[in-house]
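*Asks:* Before I ask anything, let me first share the structure, which is written out below as structure tokens.
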Amino acid sequence: MGRDAWRAIRDRISDEIAAGTLRPGTRLPTEPELCRMFDAGRHSVRRAMAALAMEGKLSVEQGRGTFVEDAPKLNYHVGRRTRFRQNLLSQGFEPGGETIAEDIVPASPAVAEALGLAEGAPVHRLLRRDMADGVPINLGFSFQCAIRFPDWARLRREGLSVTEAYHAHGVTEYFRHSTSVHSRRAREEEAELLQQHIDQPVLVVRKVDVDGQGVPIGHAEGIWAASRVQFVFEGVDDGPVRFPHRGGDAE
């Protein structure tokens, strides 16, 4: 097929996915079978598969094979009253999630500033993975004051939503105060937990929520699978929404 054989393989499979010939969840033939189908070498097939995986069109599962990606594409609406569960349910997705790790730690300078606390004040730190129809879409840390929200970790572990956990602590309403977004390459452990190709990018979303009196109550950094979500920012009175011009790992 020539030096650009991998491009021809990539385009052929991409076209079949777009046309619906290869449907979401379909398992592709094995590498030797693809080599015979396209009369191409292993290198060309592997490069084409890697390119399609990076584009989010294929999912490579160790020990099982390569599948047409069937993950949901979510339009995540960010406004003054952004709610994860409401976002998903409104689009027909079943929200889910799990707490991977939890502890109480001294607030770092960045967390203390975001929450309006003294540096070193005790804060809940939760690492969670959120799902849409059982597919990972978000991985991230959240921070809440351990004095104001003493039962936060337990309530979240028991399955209460963020809104329900706040309500249990007397916060009946809260709002998104600020949001910042930048993209970068996924780290190995992030790609594994998000079940995506290591070369696919992620969106890093940092946010601060405030209560009805404008007091900061929550700070979070989420790592979102970029191929499975796009953010829609709504409203002109929702507080600052900042898009840094450069990527990287801000603290």
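*Asks:* Binning at 5 Å from 0, report for the chain what percent of all alpha-carbon pair distances ends up in each bin.
*Replies:* Here the calculated profile for the chain is 1, 6, 12, 15, 17, 14, 11, 7, 6, 5, 4, 2, 1, 0.
*Asks:* Taking the Cα centroid of region 89-146 and of region 173-239, what is the distance between the two, rounded to the nearest whole Å?
*Replies:* What the calculation gives is 11 Å, centre to centre.
*Asks:* Follow-up. Taking the Cα centre of region 69-173 as origin and charging only Cβ (+1 Lys, Arg; -1 Asp, Glu), how large is the dipole, in debye to the nearest 20?
*Replies:* Taking the Cα centre of region 69-173 as origin, the dipole is about 260 debye.
*Asks:* With labels modelled as points extended 7 Å from the Cα through the Cβ direction, what inter-label distance (nm, one decimal) is found for GLN213 paired with ASP39?
*Replies:* Inter-label distance under the simple model: 7.7 nm.
*Asks:* Same structure, new question: State the answer as a single residue: which of VAL123, SER44, PRO109 lies farthest towards the positive end of the charge dipole of region 1-134, with beta carbon charges of +1 for Lys and Arg and -1 for Asp and Glu, about the Cα centre.
*Replies:* SER44
*Asks:* When the gyration tensor of region 1-77 is built from Cα positions, what are the square roots of 5 times its three eigenvalues, in whole Å, from largest to smallest?
*Replies:* Rounded to whole Å, the semi-axes are 23, 13, 11.
*Asks:* Note down the net charge around ALA18, summing +1 for each Lys or Arg and -1 for each Asp or Glu among other residues with Cβ under 12 Å from its Cβ.
*Replies:* Neighbour charge sum, excluding ALA18 itself: -1.
*Asks:* If I take R0 = 35 Å and measure r between the Cβ atoms of ALA121 and GLU158 in this structure, what FRET efficiency does the formula 1/(1 + (r/R0)^6) give, to the nearest 0.05?
*Replies:* With R0 = 35 Å, the Cβ-Cβ based efficiency is 0.90.
*Asks:* Among the GluC sites (Glu not before Pro) in region 117-185, which ones are in a DSSP loop with at most 14 other Cβ atoms within 10 Å of the Cβ? Mind listing them?
*Replies:* Loop-located and lightly packed - GLU119, GLU158, GLU173.
*Asks:* Okay, moving on. Just to be sure I understand the model, the point goes 7 Å from the Cα along the line to the Cβ. What's the resulting PHE141 to HIS167 distance in nm?
*Replies:* 3.0 nm
*Asks:* How far is helix 5-19 tilted off the main Cα axis of the chain, in degrees rounded to 10, range 0 to 90?
*Replies:* 60 degrees
*Asks:* I've got another one for you. Hey, quick one: spin label on GLN91, modelled 7 Å out along Cα-Cβ, who in region 199-215 has an amide N within reach, i.e. under 19 Å?
*Replies:* Residues 201-207 qualify, since their backbone N sits under 19 Å from the label point.
*Asks:* Let me ask something additional. Of PRO216, GLY25, LEU160, which is farthest towards the positive pole of the chain's charge dipole, taken about the Cα centre with +1 and -1 on the beta-carbons of Lys, Arg and Asp, Glu respectively?
*Replies:* Highest projection toward the positive end goes to GLY25.
*Asks:* Can you give me the angle between helix 42-54 and the longest principal axis of the chain, using Cα atoms only, in degrees from 0 to 90, rounded to the nearest 10?
*Replies:* 30 degrees
*Asks:* Order of 126-134, 100-108 by packing, highest average Cβ count within 10 Å first?
*Replies:* 126-134, 100-108
*Asks:* Shifting gears a bit: Can you give the helix-only mean residue ellipticity at 222 nm for the chain, where every DSSP H stretch with n ≥ 4 adds -39500 (n - 2.57) and the sum goes over all residues, rounded to the nearest 500 deg cm²/dmol?
*Replies:* So the calculated ellipticity at 222 nm is -7500 deg cm²/dmol.
*Asks:* Let me ask another. Using a 1.4 Å probe over the heavy atoms of the protein chains, calculate the carbon and sulfur portion of the accessible area of the chain as a whole percent.
*Replies:* 49 percent
*Asks:* Another question about this same structure. Between GLU113 and GLU31, what FRET efficiency comes out of the Förster formula 1/(1 + (r/R0)^6) with R0 = 41 Å and r the beta carbon distance, rounded to 0.05?
*Replies:* After rounding, the FRET efficiency stands at 0.20.
The values are calculated or read from the model by the stated rules, or taken from the named source; none is laboratory data. Please read all numbers here as calculations on a predicted model, not as lab measurements. Here Cβ is always computed from backbone atoms with ideal geometry, including for glycine, and neighbour counts include all displayed protein chains. Side chains are part of the model used for accessible areas, which takes the heavy atoms of the whole protein and leaves out ligands, DNA and RNA. Shrake-Rupley method; radii C 1.70, N 1.55, O 1.52, S 1.80 Å.
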